[in-house]
Amino acid sequence: MKHYLKTILGLLIGSVLVFAFSSNTIADSHKRVDRLRAAIIGDESTINPFTYVTGEPGWNILMMQYDSLYTLGIDGQPQPWLVTKLVRSADRLTYTLTLRDDVYYNDGKKLTAHDVKFTFDYLTKYPVGRFAKDIRGFSSANVLNDYKIEIHLKKPRAGYVRKAFADVPIFPRHIWSEVTDPKKHQFESVTNVGSGPYIMVDYKPDQYYRLKANHKYFAGTPRVEELILVKFADESSSHAAFRTNSVDILFKNIPPEQISMLKGIKGVSIVQGPLFTTQLVIMNYDHKPFHMVEVRKAIAYAIDRQKLVDTIYLGAATVGSNGWIHPKSPYFNNQVKTRYNLAKAKSLLDSVGIKDTDGDGIREYEGKPMAFELITPNNNALRLRLAELIKGKLLDVGIKITVGSVEQNTWEGAVWPDFDVNKGRNYAMSMWGWSAGVQADTFRAPELVHSNTGVGFLNLTGVSNKEIDRISNLMDTEDVLARRVELVKQLQAAIAEEMPFITLMYPDGPYAYWSSKYDGLAYISGQGIVNKLSFIPKSAWP
Amino acid sequence: MKTSSLAFSENSEISIVSKKRKRKRRFNSGRVSGIAGCTIVTCLILAAIFAKQLSPYDPSSQSGKPFSPPSAEHLLGTNDIGQDILSELVYGARISLTIGIVASIVAMVIGTTVGLLAGYYPRVLGRVLMRFVDIILIIPFLPLLILLAAYLGRSLVYTVLIIGALIWAGTARVIRSQVLTIVKQDYVLAARTIGASDLHIIVLHILPQVLLLAVGQFVQATSGAILLEAALSFLGLGDPLQKSWGTVLYWAQVRGVFLTPAWKWWVLPPGMLISLAALGFALMGFALEQVINPRLKNNSK
């Protein structure tokens, strides 16, 4: 019997060792893979520059077939891609770009300065969607030779490289010059001609996309020969398919509670990084006493953001900074401190005479109890939970919160009627969140806090602070990056001092993939893993 | 009545014996289910009343780590923000039972009123009301419920009203048919002849006769109302911050627990409590109906 057991034990150890070794060799991060199956949720139409549907992953998948003049590097900052040299005129109105001369569209035609000019002209003529907004301010383009072009602007625009050059795909003149109704024009999959690392060869609506590697790609042959994007109706079915390895990678963030479970599956890895989305508590300045900075600060002190991160996100988020900007941003001001301090919160409220005079545990302001409704959309479970916990925390300092879980439209209508801050606001406190774009470009911060709603068109709280306006105005005209960075750091300090909103946290973007099959994904800060860098040789990353 | 009992005595001995047996069996099964139902309902109601004493923690406090499995401290583990699931369920009995009972009281009041009016004025008003009852009965139930809940918003009061407004039709029918026979009774005719007003007759002579029937309907409706509340809350159409059994399931769903081993202690117990409560009221309802419902009473004689 003993002998028998030994044999079994030996066999077990042996097989475990063999398995460990074999999976080690499989997990070579630079191995080429014949086929990778990725799960996406919902249909993205034919994914050409005018038909893709979502900003993420629609745009990201689009950019696997196309290239832009600049592309985002791992740190989320724009890096030259099709461009080898950029010269900006002193008046900031003319950009002279020198292009690479070795870039081909996948139908064999060369990508030249004429295509760049055509792209800008075409988007001006047919101002459709995101890219038309990107190039706002464009006046004309002047082709100097096949690989040199001048782009003229009507007036200087800050961050033009990021907005226009790193976002807009350069599409082929020889294909699109004949198209006069880009909105309606649906390409056949075979004519989706771009210069990117992948070529779409097959598309079955509501089923899948098949992308083939472009072997002539200028930045090197993609590491995955065939990329299949499988469509799922909802998240849970895609997760079920992932767990059985029917798909190899999820092109959508996984919720925090799934991280530990998926990590437990042998062969699965999780890659995590900043997404630059935010969770905020905003307070309406028109609703007394939120016009008092002491009250706003007291509320900020009373909320234990680390605890919220640990409880709601199970650690998969970064604690919010009072200065709005993510600590992982290269322009983060590390002098701005964010603390949780109940005693400080109480003393701040006391200092402005907001005290509990009738002994019911709730403070009073001008004779009325400090009781407010914190509204939150009822289709966002995490926000609902955040509101629930904040309610408990604020009760500790004598502020009574009722959580109002309302329909998405009601919520948006109360906070941001018709998406126009000039139309006022009708709330006391609200949960809020901005998508990644608002913060990924650090220099967009004035949009949230400038009192002039022309600049501060995302000013949802009604903040009006002279110092914030002054720094914002300087930022708008400042041209030298180092000085702009200095200003944006000052702005963070000013925002922390004014506390127009409370930045609770920046959720991370966790992605799950079968690392036993494919590894070496590129997590672009603020963008995630769905990008062309994840599939081209690492040596070619900008 | 007399003729029927005469006919009874004319039957053969064997058939008398078998009928007696049948009656005994029915009586027993009704009694057993009644006792079982009463026990279940009583236990749940006691749990709801003594929730504070029975539950180990305050269900709204974060008493443990999020997503903890069952342990000595937390017998059913903790939910996504570290609240004790057992305490949530004990306190959940309050909301779930209250909504179920109040909603069926609402249904009983509407149903009895409509049934009384339709039975007492059968010609025009009765016809109109009963066609309306038919419409309510025909409408696909859950879609309408979801639509109403989504339109009106999420609060306890709305949940109660919506459920109540949709389940009264059955009660109305049963009451009406009973009223139709009562109005032909001699004492009602007598009251009418001496000039009693309609209101007087309905309230003093008819209502007492159908009240017991309404109570039986109410108990059965409660069973359905509890299930509906759970369905609404699970779909996120209740108030997700009120702790009912349905909302416990809702949070399990939105935090992806159905896919993890945690379903055993987070999904199964509230599911079983909902079934148990519905079963308890249903059993009680059946037993009551056998005693109260005149149709069933006549059959057994």
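The values are calculated or read from the model by the stated rules, or taken from the named source; none is laboratory data. Treat the numbers as computed from the prediction; the structure is a model and nothing was measured. All Cβ positions, glycine included, derive from the backbone under ideal geometry; neighbour counts span all protein chains shown.
Observations on the model:
- A single member of A:Met505, A:Met499, A:Met475 is under 24 Å from A:Asn334 (Cα atoms) and in contact with a strand residue (DSSP E or B) (Cβ under 6 Å, 6 or more places away or on another chain), and it is A:Met505.
- Hits in region A:283-302 - residues which are buried (at least 22 other Cβ atoms within 10 Å of the Cβ) and not in a helix (DSSP H, G or I): A:Met283
- Residue within region A:386-394 that is surrounded by fewer than 22 Cβ atoms within 10 Å (Cβ to Cβ), modelled with pLDDT of 85 or more and over 15 Å from A:Ile303 (Cβ atoms) present: no
- Complete set of residues in region A:129-162 that are in a loop (DSSP other than H, G, I, E, B), modelled with pLDDT of 95 or more and of a type in the set (A, V, I, L, M, F, W, C): none
- Among residues of region B:64-90 being part of a helix (DSSP H, G or I) and in contact with a Ser or Thr (Cβ under 6 Å, 6 or more places away or on another chain), the one that is nearest to the other protein chains (Cβ to nearest Cβ) is B:Ser87.
- Residue in region B:123-135 that is over 28 Å from the mean Cα position of the chain (by Cα) and more than 24 Å from B:Trp251 (Cβ to Cβ) present: yes
- Filter result for A:Asp91 (farther than 30 Å from A:Val247 by Cβ and modelled with pLDDT of 90 or more): no
- Annotation: of all residues in region B:244-263 being at pLDDT 90 or above and either facing chain A (nearest Cβ under 9 Å) or touching a His at 6+ places or on another chain (Cβ under 8 Å) (or both), the one that is surrounded by the fewest Cβ atoms within 10 Å (Cβ to Cβ) is B:Tyr250.
- Residues satisfying the stated conditions in region A:414-436, i.e. within 14 Å of chain B (Cβ to nearest Cβ) and either within 20 Å of B:Gly236 (Cα to Cα) or without any contact (Cβ under 8 Å) to a residue 12 or more places away in the chain (or both): A:Met431
- Index of the failed condition, A:Ile199 passing every other in (1) part of a loop (DSSP other than H, G, I, E, B); (2) in contact (Cβ under 8 Å) with a residue 24 or more places away in the chain; (3) over 22 Å from A:Gly76 (Cα atoms): (1)
- Looking only at residues in region B:150-169 that are in contact (Cβ under 8 Å) with a residue 24 or more places away in the chain, surrounded by fewer than 18 Cβ atoms within 10 Å (Cβ to Cβ) and within 25 Å of B:Phe132 (Cβ to Cβ), the one that is farthest from the chain's Cα centre (by Cα) is B:Ala150.
- Only one of the listed residues (A:Leu275, A:Leu262) is within 24 Å of the chain's Cα centre (by Cα) and within 14 Å of chain B (Cβ to nearest Cβ). That residue is A:Leu262.
- Of residues in region A:63-97 being surrounded by fewer than 20 Cβ atoms within 10 Å (Cβ to Cβ) and small (Gly, Ala, Ser), the one farthest from A:Lys216 (Cα to Cα): A:Ala90
- Residue in region B:39-60 that is more than 18 Å from B:Lys264 (Cα to Cα), within 14 Å of another protein chain (Cβ to nearest Cβ), charged (D, E, K, R) and more than 17 Å from the chain's Cα centre (by Cα) present: yes
- Residue match in region A:399-410 (condition: touching a strand residue (DSSP E or B) at 6+ places or on another chain (Cβ under 8 Å), surrounded by 17 or more Cβ atoms within 10 Å (Cβ to Cβ), more than 12 Å from chain B (Cβ to nearest Cβ) and assigned to a loop (DSSP other than H, G, I, E, B)): yes
- Any hit, region A:236-252, residues being buried (at least 21 other Cβ atoms within 10 Å of the Cβ), among the small types (Gly, Ala, Ser) and not in a loop (DSSP other than H, G, I, E, B): yes
- Single residue of region A:328-384 satisfying the filter (acidic (Asp, Glu) and either away from chain B (no Cβ under 14 Å) or touching a His at 6+ places or on another chain (Cβ under 8 Å) (or both)) that is nearest to A:Val485 (Cα to Cα): A:Asp350
- Qualifying residue in region B:84-103 (condition: of a type outside the set (S, T, N, Q), surrounded by fewer than 20 Cβ atoms within 10 Å (Cβ to Cβ) and without any contact (Cβ under 8 Å) to a residue 12 or more places away in the chain): no
- Restricted to region A:368-385, and to residues there that are closer than 30 Å to A:Asn452 by Cα and within 26 Å of the chain's Cα centre (by Cα), the residue that is surrounded by the fewest Cβ atoms within 10 Å (Cβ to Cβ) is A:Pro377.
Here's the yes/no breakdown for (1) touching a Gly at 6+ places or on another chain (Cβ under 7 Å); (2) away from every other protein chain (no Cβ under 13 Å):
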position: B:Glu229; (1), (2): yes, yes
position: B:Ser233; (1), (2): yes, no
position: B:Gly238; (1), (2): yes, no
position: B:Gln242; (1), (2): no, no
position: B:Trp265; (1), (2): yes, yes
position: B:Pro269; (1), (2): no, yes
position: B:Leu273; (1), (2): no, yes
position: B:Leu279; (1), (2): no, yes
position: B:Met284; (1), (2): yes, yes
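- Every condition in (1) of a type in the set (Val, Ile, Thr); (2) closer than 30 Å to A:Pro377 by Cβ; (3) at pLDDT below 95 holds for A:Thr477 except the one numbered (2).
- Cβ separations smaller than 6 Å between residues 6+ apart or across chains give the following pairs from region B:216-233 residues that are over 16 Å from B:Ala165 (Cβ atoms) to residues that are assigned to a helix (DSSP H, G or I) and modelled with pLDDT under 90: B:Gly216/B:Leu288; B:Gly216/B:Glu289; B:Gly216/B:Ile292; B:Val219/B:Gly285; B:Val219/B:Leu288; B:Gln220/B:Gly285.
- Being without any contact (Cβ under 8 Å) to a residue 24 or more places away in the chain and within 14 Å of another protein chain (Cβ to nearest Cβ) holds for only one residue in B:Leu147, B:Leu189, and it is B:Leu147.
- Residue check for A:Tyr126: modelled with pLDDT under 95, within 29 Å of the chain's Cα centre (by Cα) and buried (at least 20 other Cβ atoms within 10 Å of the Cβ): no
- Of the residues examined, A:Ile312 is one that is of a type in the set (A, V, I, L, M) and over 30 Å from A:Lys423 (Cβ atoms).
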